[in-house]
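Enquirer: Sharing a structure below in C-alpha cells format, with a few things to ask.
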Amino acid sequence: MKQKSIFVNLLSLFGFTILSTLLWGLIFAMTITPAEVEIVVEPFPGASFVLGMLTILVIYSFLTISEANRLSESCSQLSSNIRITEERNRQLLSKANRFVDKHQEREKDNLKELTQGILVSEQSTTVKDRMKSSLTEKHRSSKVETSREFAQILDEIPDLNMSQAVSRLFDELFKSEEQLANYQRAYNEFVAHYNTKIKAFPLNFLKKWYQPKEYYVLDIEDEFPDELLGL
C-alpha cells in the first residue's frame, strides 16, 4: 500500500513537471513576434524544463509548509479542547465526590443512631463494634476518579432513588470522558501526521521553526485502576 502511494506521488510529480514545462514553453512562445519565429525562444537550452522544475519545487514547498501549518494549528486547537474538557471532568468529578461524601455521611449518621439504640451488653457491644468497623471501612472508600467508579458506587446504593440531577451528572461525566478520549486520539493522529510532514523537504531544513510535537500519553492506569478491577 505504501509502495503504491509512493508510485502515485511520483507519477503525479512527473505529470505536473510536464505541464509546468509546457506552460513555460508557451510563455516563451508568446513573447516572440512572427518575424522571430525561427529564433530559439528559450533564453538558454532547456530553460522551459528547468523553470518548470523550479515552479513545481516552489509550489510543492508552499503546499508542504501550508499543510504543516494547518496540522500545527489543528494540534493547538485539539490541545486546547483537551485542557477544557479535562477541567470540565475535574468539575464533574468534584460534584460526584460531593454527592458520594454526602451519602456516606448520611449513612454514617444512620449507623450511629442504630448503634445508640442497642442495649448495652457483651453481645450488643460486639455487634456495635462490628458495625463501627463496617462504617469505618465504608468511610474510607477511595475518591471517585472516573464515571465507571461513580457508576459502581451508585450500584452499591440499593435504596437510592436516583434523581434526574444525579442521573444527568453521571451522563455528563460519561460523555465528557468519551469526548476527552476522542480529542486525545485525534490529537495524537494529527501529531503523527505533523511529525512526518516536517521530516520532508523543505521543512527538514527549517528545524528552527518546525519542531516535532510530543504525543499525548494515555495512562491506562487512570482508565482501569487496580481498585476498580479488584486487584
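Enquirer: Packing-wise, with mean Cβ within 10 Å as the measure, how do 187-195, 204-212 rank, highest first? Provide the component values of the computation, followed by the final result.
Expert: Values: 187-195: 18.2, 204-212: 11.0.
Most protected by this proxy first, the peptides run 187-195, 204-212.
Enquirer: Stretched out fully, how many nm does the piece from PHE205 to VAL217 gain, at 0.36 nm a residue minus the Cα gap? Spell out each step's value before the answer.
Expert: Working: separation 12, 0.36 × 12 = 4.32 nm, distance 2.83 nm.
Length gained, PHE205 through VAL217: 1.5 nm.
Enquirer: Please give the solvent-accessible surface of LEU78 in Å², to the nearest 10, using a probe radius of 1.4 Å with every protein chain present.
Expert: That residue has around 20 Å² of solvent-accessible surface.
Enquirer: How much accessible surface does SER94 have with a 1.4 Å probe, in Å² rounded to 10?
Expert: 60 Å²
Enquirer: Distance check, please: which entries in LYS143/LYS175; LYS95/LYS175; LYS175/LYS213 exceed 26 angstrom between their Cα atoms? It would help to have the intermediate numbers written out before the result.
Expert: Values: LYS143/LYS175 20 Å; LYS95/LYS175 15 Å; LYS175/LYS213 28 Å.
The answer is LYS175/LYS213.
Enquirer: Let me ask something else about it. Could you give the length gained by full extension between LEU19 and ARG106, i.e. 0.36 nm per residue of separation minus their alpha carbon distance, to one decimal place?
Expert: Extra length available between LEU19 and ARG106 comes to 23.4 nm.
The values are calculated or read from the model by the stated rules, or taken from the named source; none is laboratory data. These figures come from a predicted structure and were not determined experimentally. Neighbour counts run over all protein chains shown; Cβ positions are idealised from the backbone, glycine included. Just so you know, the surface numbers come from the protein's heavy atoms only, side chains and all, with ligands and any DNA or RNA stripped out. Shrake-Rupley method; radii C 1.70, N 1.55, O 1.52, S 1.80 Å.
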